[in-house]
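> Quick one: the structure is below, questions incoming.
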Amino acid sequence: MAGDRREIFFSGDDSATGRLEEELYSGEIRDEEGLFRRAGELGVGLFVHDGKCKVTERNGVLVGEVSESEGEQKRTRRLLVTAGTYAIREIREGKEVEVARGQASRFIVLGNRVTREVANRCIRSCWKETGGSPADALRVILVTMEEAAAATPSVSRGYTLVQTTRCGAPKTGPGG
């Protein structure tokens, strides 16, 4: 499992902030310079921080989280993974609900539209339909992280990579 380390905070007029977010997450804004320039044009305050750890390992369970905010509303999606098993949980207004669960080896991508498109393209081009080895899966993940960082300023160039060999269904209560 891998996760970039970027966290972006916006401030200002809701309409202008929403417009900037849409341009960023749709892929219209392609680099950091363009992001800051467009924020200035729209009068939106911008703080970019590359220190957030979005993936961790807790007692053999890999945990990845992505968050998004719209005004006062915040939504967090949490992916819990062990070898061959996963669960996806969504947290809104303090309530955590399982939205998906599955078995088998697969790539699961959480993130904005651009990052999902990049990941899907990398998976299609780098992964054999018949599957592959753990080293092949790692290559897909690394290529995806590099290409996503090159495609959008919403993804940092640095990332965290975690691995587990634990088998069995992950517990899906709060905190994994």
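The values are calculated or read from the model by the stated rules, or taken from the named source; none is laboratory data. Computed from a predicted structure; not experimentally measured. Here Cβ is always computed from backbone atoms with ideal geometry, including for glycine, and neighbour counts include all displayed protein chains.
> Find the residue count for the range 22-31, including only residues that are touching a Pro at 6+ places or on another chain (Cβ under 9 Å) and surrounded by 15 or more Cβ atoms within 10 Å (Cβ to Cβ).
Final tally of qualifying residues: 2.
> Can you name the number of the only condition in (1) in contact with a strand residue (DSSP E or B) (Cβ under 8 Å, 6 or more places away or on another chain); (2) closer than 22 Å to Thr144 by Cα; (3) among the small types (Gly, Ala, Ser) that Ser26 fails?
Failing condition for Ser26: (1).
> I would also like to ask the following. Take the residues in the range 118-169 that are among the charged types (D, E, K, R) and within 26 Å of Phe47 (Cα to Cα); name whichever of them is surrounded by the most Cβ atoms within 10 Å (Cβ to Cβ).
Glu147
> I've got another one for you. List, please: which pairs have Cβ atoms under 9 Å, are six or more places apart or on different chains, and start with a residue in the range 68-97 that is in contact (Cβ under 8 Å) with a residue 12 or more places away in the chain and of a type in the set (Gly, Ala, Ser) and end with one that is crowded, with 18+ Cβ neighbours inside 10 Å and assigned to a strand (DSSP E or B)?
Matching pairs, first to second residue: Ala87/Arg78; Ala87/Leu79; Ala87/Leu80; Ala87/Val81.
> Considering only the range 83-104, how many residues are surrounded by 14 or more Cβ atoms within 10 Å (Cβ to Cβ) and either in contact with a Gly (Cβ under 7 Å, 6 or more places away or on another chain) or of a type in the set (A, V, I, L, M) (or both)?
Residues meeting the conditions: 6.
> From the list Thr115, Thr160, which residue is in contact (Cβ under 8 Å) with a residue 40 or more places away in the chain, part of a helix (DSSP H, G or I) and polar (S, T, N, Q)?
Answer to the check: Thr115.
> List the strands (runs of 3 or more DSSP E) that sit entirely inside the range 50-102 and contain at least 2 residues that are aliphatic (A, V, I, L, M).
So the answer is 61-70, 73-82, 85-92.
> Sticking with this structure for a sec: Could you check the range 121-156 and list, in sequence order, the residues that are modelled with pLDDT of 95 or more, of a type in the set (S, T, N, Q) and either farther than 25 Å from Glu22 by Cα or in a helix (DSSP H, G or I) (or both)?
Of everything in the range 121-156, just one residue is modelled with pLDDT of 95 or more, of a type in the set (S, T, N, Q) and either farther than 25 Å from Glu22 by Cα or in a helix (DSSP H, G or I) (or both), namely Thr144.
> On the basis of being touching a residue at least 12 places away in the same chain (Cβ under 8 Å), within 26 Å of Leu142 (Cα to Cα) and of a type in the set (S, T, N, Q), does Thr56 make the cut?
Yes.
> Residues Glu57, Glu33: which one is among the acidic types (Asp, Glu), farther than 17 Å from Thr115 by Cβ and under 19 Å from the mean Cα position of the chain (by Cα)?
It is Glu57.
> Kindly provide the set of residues from the range 40-49 that are assigned to a loop (DSSP other than H, G, I, E, B) and among the aliphatic types (A, V, I, L, M), ordered by number.
Val44
> Which residue is nearest to Cys167 (Cα to Cα), if the candidates are limited to the range 82-125 and must be in contact with an Asp or Glu (Cβ under 9 Å, 6 or more places away or on another chain) and among the acidic types (Asp, Glu)?
Only one residue tops the list, namely Glu98.
> Now a separate question. Out of (1) farther than 30 Å from Val162 by Cβ; (2) loosely packed, with under 14 Cβ neighbours inside 10 Å, what's the single condition that is false for Phe47?
Of the numbered conditions (1) farther than 30 Å from Val162 by Cβ; (2) loosely packed, with under 14 Cβ neighbours inside 10 Å, the odd one out for Phe47 is (1).
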